[in-house]
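Remarks on the structure that follows.
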Amino acid sequence: MSNPQFLPYGRQVIEDDDIEAVVKVLKGDYLTTGPAVEAFECDFAKITNAKESVVCGNATQALHLACIVNGLTSGEAAIVPSLTFLATANAVRYTGANVIFADVHPQTGLMTAESFEAALSRANDAGLKPKVVLPVHLAGQMVEQDTIQKIAQDHDIAIITDSCHALGSSYKNTQAGACKYEDMSVFSFHPVKTIAMGEGGAITTNDSNVAEKLRILRGHGMEHRSANPVLPDMGLDENGNPNPWYYEMNGLGYNYRESDIHCALGISQLKKLSRFIQRRQELVALYDKLLLPLAPLLLEPLRVEDCVPSWHLYAVRIDFEALGKTRASIMNSLKRKNIGTQVHYMPVHQQPYYRNLYGVQNLPGADNYYSQTLSLPLFPSMTDDNVHEVVGAIEEELGRG
Ligand SMILES: *Cc1c(COP(=O)(O)O)cnc(C)c1O
C-alpha cells in the first residue's frame, strides 16, 4: 500500500484566509515595522497568558536575544539539554558563553530535575557557575517546571524555556509561555511548528522592562530618546526637546526584526490554533489506539505528569536491535511508500563542533533516547486514513502486516 501523495513528518496548513491576510499587507503601506508587528505581539501575549511578547525573525534570534538580556557573555555558562535542536545551544555560543550539556530522561527525552542537578554539579566541579538554564519542551510534552524552577532559584540561575514545540501545551493548568515558572519563553513559527509564519519566533515575558530591552536589541540597539546625548547639540533642539532625527545606541544590537508580511500570516494562523491542536490531539489518540498492539517492539510516547500536550511531534520508540533492522532501512522503506519520518534529535553534545570544544562526554539518557526515536507524520490536515496508512506501513516493517 502506498500513498499517492507524500506525507511529510510535519508541515504547515495554509488556508485561503491566511493568504488574504498576507495579500492585504502587501497592498498596504507597511511591509515591515508597521502595525501587524504590534498586533501579532499583542495576540501572542494573550494566547500564551504572558504580559508581553517580542517577535523576531525566527526562534534562533529570539533565543540569542534572551541569552543576551540574561547576562550571558564570554566567561559565563549556561545549561542546555543535549536532546534538542542545535539552535538552543548555538544561541548560548553566539554570546561567547559556554554550554554545559544536561542529560535527559531516556524515555521522554526531557531534562529532569535530577539531570539538571547533575549538570550543575559537573559545572561546579569544572569551576563554572552557570547563569542561565534553557529547559526544552520536547514534542509538545513539557519539563517538570516547578522543580526545575526551585533548583534554579536556589542557585540564582535564570530560566529561558525553549517552548518551540509547546505552543498550546500546558503544565499544571499553566500555558506554555505564561512565564509562571520561567523568566522567558521562546517560540518558533517555522512551517513544521504549530503555527507557521514562514520564518518567525517570539519571546514571552512578564517583565515590561525586559521586553523593552529585547525590542531595542532587536532593532540595532537604537533608542529614540535623549537620555545622555554624546554631544549636547546631537540630542536636543533649541527648545530643549529631542531632535526629530535623534537616536542613540547604548549597546550592540542586531537586525532581528520580523516583517508585517510574516506577522499578518501569524495573526491569521493564531486564530486557528485551538482547531489545529484539537486535530493534532485526535490524530495522536488514533495513533495510540492503532499502535498499542506493536508493543514492546514499538512504544508510544511515554506521557509525563501534569502536562496536557499540544503534540508538535508523534515520536515513537522502536527497539531496532530486537527487530534486527536499522532505523535507516525502515525510514528508507517508508519513504518509498511516500511516508516521511524524521529523528528528533541527534544529541547536540555529539556534534563535531561541540566535541571539539568540550571533548567526548557521556550522556547516556540522550544517547539512549536518540537510539530509539522516530517521528511519524503529524500535522492538522492529515486524515484518519493517513494515520491508518502510516500504521499499516509500520506494521509491515515490524513484520506484523
Ligand atoms: C525549531 C526549533 C528551534 C529554532 O527555531 P527557528 O525559528 O527555526 O529558528 C529552536 N529550538 C527548538 C527546540 C526547535 O524545535
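At-a-glance table
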| read-out | value |
| --- | --- |
| Additional length obtainable on full extension of the chain from LYS24 to SER274, 0.36 nm per residue less Cα span | 87.6 nm |
| Summed side-chain charge close to THR84 - residues other than THR84 whose Cβ falls under 13 Å, Lys, Arg +1, Asp, Glu -1 | -2 |
| Descending principal axes extents, the range 1-153, alpha-carbon based, whole Å | 58, 50, 27 |
| Rel. contact order, % - alpha carbon contacts under 8 angstrom, at least six apart, the chain | 24 percent |
| At q = 0.13 Å⁻¹, base-10 log of I(q)/I(0) for the chain (Debye sum, equal scatterers on each alpha carbon) | -1.11 |
| Residue-wise HN-Hα coupling along the range 254-267, computed from phi with Karplus coefficients 6.51, -1.76, 1.60 (Hz; x: Gly, Pro) | 9, 9, 10, 6, 9, 8, 5, 4, 5, 5, 4, 5, x, 4 |
| Kirkwood estimate for the range 120-164, i.e. one over the average of 1/r between Cα atoms, Å | 11.3 Å |
| Pairs of alpha carbons in the range 273-401 whose separation is greater than 20 Å (percent) | 49 percent |
| Charge dipole (the chain, unit charges on Cβ, about Cα centre) - positive-most of HIS64, VAL343, GLN153 | VAL343 |
| 10 Å binning of all Cα-Cα separations within the range 74-118, expressed as whole percents from 0 upward | 30, 49, 20, 1 |
| Compactness relative to 2.2 N^0.38 Å, alpha carbon Rg of the range 294-363 | 1.42 |
| Top of LYS24, LYS180, LYS271 by mean-square fluctuation, Gaussian network on the chain, Cα under 10 Å | LYS24 |
| Viscosity 1.567 mPa s, temperature 4 °C, Stokes-Einstein D of the range 63-151 from Kirkwood C-alpha radius, µm²/s | 100 µm²/s |
| Proximal charge balance of GLN145 [Cβ under 13 Å; K/R count +1, D/E count -1] | -4 |
| Summed residue charge, Cβ within 14 Å of GLU397's Cβ, Lys/Arg positive, Asp/Glu negative | +2 |
| 22 Å Cα-Cα reach of LYS46 towards lysines, excluding residues that sit fewer than 8 places from it in its own chain | LYS172, LYS180, LYS193, LYS213, LYS271, LYS272 |
| Longest DSSP-loop-exposure-free segment, GluC sites (Glu not before Pro), the chain, at most 12 other Cβ within 10 Å | 16-237 |
| Value of D in µm² per second that Stokes-Einstein yields for the range 95-195, Kirkwood Rh from Cα pairs, at 10 °C (1.306 mPa s) | 113 µm²/s |
| Isotropically averaged projected area of the range 1-75, using the convex hull of Cα atoms (one quarter of hull area), nm² | 9.7 nm² |
| Two-site label geometry, ARG303 and ASP237: point separation in nm, points 7 Å out along Cα→Cβ | 6.4 nm |
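Where a number appears in this text, it was derived from the coordinates with a stated rule and is not lab data. Bear in mind the structure is a predicted one, so any value in this text is a computation, not a measurement. Positions of Cβ are backbone-derived with ideal geometry, glycine not excepted, and every protein chain shown enters the neighbour counts.
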